[in-house]
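Structure first, then comments.
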Amino acid sequence: MWRNDFPLIRNRQEVYLDSAATTQKPEAVIRTVTDLYESCNANVHRSPHRLGRGMTELYEGARSRLSAFFGAGDDHCLIFTRGATESVNLVASSALPLLFSRDPKRREVVVTAAEHHSNFVPWQQQCRRLGGTLKVVPVDAEGMPDMKAFSAALSGRTALVAFAHLTNVFGRVFPAEEMAKLSHRSGAAVLVDGAQAAGHLPVSLEELGCDFYCASGHKMYGPNGIGLLFGKRELLETMEPWQFGGEMVDRVYEDCTLFAEIPAKFEAGTPDYIQAAGLAAAADYLDHLGGMEAVAKRERALTARLAEGLRERKGILLPASPEASCGIVSFLADGLHPFDAAALLDAQGIETRCGFHCAQPLMRSLGLSEGTVRISLGLYNTEEDLDRLFAALDRIMGRGRS
Ligand code: PMP
C-alpha cells in the first residue's frame, strides 16, 4: 500500500531492507524539493525581495512544523544541522565546555555501550580535550542498558548523559524517560540520540524531558543532508556558538562580535533551507499515513513476522531476540561470514547491511567479532519482501527449514 508512494521502491525488483542506513523518499518529498528549486529558491534571512521573503517563511514554517511533529515544548528550540552526527558534535563542542565550567566537580560524561559511533566518539574526544572522563554503561545480552550500572554511574560528578532512543543494531527502545529522570536527579544534562527513533516511533520531546534531542532527515523519509537538534532554550542561549560566519551575528567590530539570538547563533552560513522544507513535507507525509503510531504499528506486525521466519530457519543465529526489536534485526548465518552472507543475499536481490554498524564497542562487548547482518524495515516493506528474504536465506544456507 505505502510502497507505491516511493518511486525508487516501486520501480525496482530488489527488496530494500536497509532503511536504518537511510530511508527511501516518498514522491511527496521529492516533489516538494524539486518544486522549490524550480519556483521558490532564494537565500533565507537575507534578501528583501519577494522570493527571499517567501523562502524565509517556508524555512521558518518548516521549523514550526517539525517542532510540532516532535512534540517539542515551549522551552525547546530547533536548530537545523546536517544530520544527527553534526547535532551531537554541536552539543559536544559547545555544551560540554559550558557544563564543565558551570560546575568544576562535574567532569564526567556517561554513555552506554550500545551507542552508534556518532554518539560515542564526539564525547570521547571532547573528554580527552577538556580533561573529562567518559564512563561507558554496559549492556546485557539483549542489547539493553544494565539499569543498575546506569544508576551507579550517575553521581555529583556527571555533567552529561547521552544515549540512544532506539538502537541501530538490535532495534532496542531504551527506557529514555526513566533514564532522563535518573540523570536529571543526579543533576546532569541529557542528550537523546533519536537518529533511528525518528523514523520508527512516535516521539514526544515534552514527555521525554531531555535537554537535547538529535535526528537525521534521511532516516525519517526526508531529504539527505538535513538534521535536527532540539535543545532547551536556557542551555542554547548560554552555549557559545561553535561555527562562525554569516547570519549568526548581530554586530561585528574589528576586535569583537556580538552574536545573534538562537536559533541563528547556531546556523552559520547558508542553511539547507530547501531540504528543511523537504523534511517538513516528510512530516506531513507521515501524518497523512496516520502518524508515527500507524507506522510503528505496521512495523511491529512486520517485525513479528520477520522474527518468526528467522527463528524457523536452522543455521540462522540470533544474538538478541528479534521479537523485542523495533524494525531492526541483526543475525548471523552459521558457517558464513556476515560479509559473505550479505553478498549472497545481494546476489539474489535482497539488500541488507553487514559489519559493525558503527557500533564497535557494542560488538566487542557481545563478542560479535565479525559483526552481523542487519535487516532494517521501512514503511514500504511488505510481507512479500519478507517471503523473498526467507526464500533467499534458504537458498544461501543450502537447505530448507528445520
Ligand atoms: N545515531 C544512530 C543510532 C544512528 O543509527 C546513526 C546513523 N546510522 C547516527 C546516529 C548518525 O546519523 P547520521 O549519519 O545521519 O548523522
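Once C-alpha pairs closer than 8 Å and six or more residues apart are averaged by separation and normalised to the residue number of the chain, the relative contact order reads 22 percent. Under the simplified labelling scheme, the residue 312-residue 284 pair shows an inter-label distance of 4.2 nm, with each label point 7 Å from Cα along Cα→Cβ. In terms of distances greater than 18 angstrom between alpha carbons, the cross-link table entries 148/232; 219/265; 232/265 yield 148/232; 219/265.
Here the Kirkwood formula puts the hydrodynamic radius of the chain at 22.1 Å, using every distinct Cα pair.
Between 244, 163, 174, the GNM of the chain built on Cα springs shorter than 10 angstrom shows 244 fluctuating the most.
With a simple spin-label model that places each label point 7 Å from the Cα along the Cα-to-Cβ direction, the separation between residue 43 and residue 324 comes to 5.2 nm. Taking the 1.4 Å solvent-accessible surface of region 28-288 as the whole, the part contributed by carbon and sulfur is 51%. Ordered from highest to lowest accessible area with the whole protein assembly present and a 1.4 Å probe, 242, 123 read as 242, 123. On the basis of the beta-carbon distance and an R0 of 35 Å, residue 343 and residue 140 show a calculated FRET efficiency of 0.65.
For the chain, the per residue solvent-accessible surface stands at 41 Å², with DNA, RNA and ligands left out and a 1.4 Å probe.
In this view, the solvent-accessible surface of residue 107, computed with a 1.4 Å probe and all protein chains in place, comes to about 80 Å².
Which FRET efficiency value, to the nearest 0.05, is calculated for residue 117 and residue 237 with the Förster distance at 35 angstrom and r the Cβ-Cβ distance? Walk me through the numbers before you get to the answer.
Values: r = 30 Å, r/R0 = 0.85.
Once the sixth-power term is evaluated, E becomes 0.75.
Taking a ≥ b ≥ c as the square roots of the eigenvalues of the alpha carbon gyration tensor, region 64-152 is oblate, as a/c is not under 1.5 and a/b does not beat b/c.
Three principal axis extents of region 176-275 based on alpha-carbon atoms, in descending order, are 48, 36, 16 Å.
The values are calculated or read from the model by the stated rules, or taken from the named source; none is laboratory data. No experiment lies behind these values; they were computed from the predicted model shown. Glycine also receives a Cβ, built like all others from the backbone with ideal geometry; neighbour counts cover every protein chain displayed. These area figures cover heavy atoms from the full protein model, side chains too; ligands, DNA and RNA do not enter into them. Shrake-Rupley method; radii C 1.70, N 1.55, O 1.52, S 1.80 Å.
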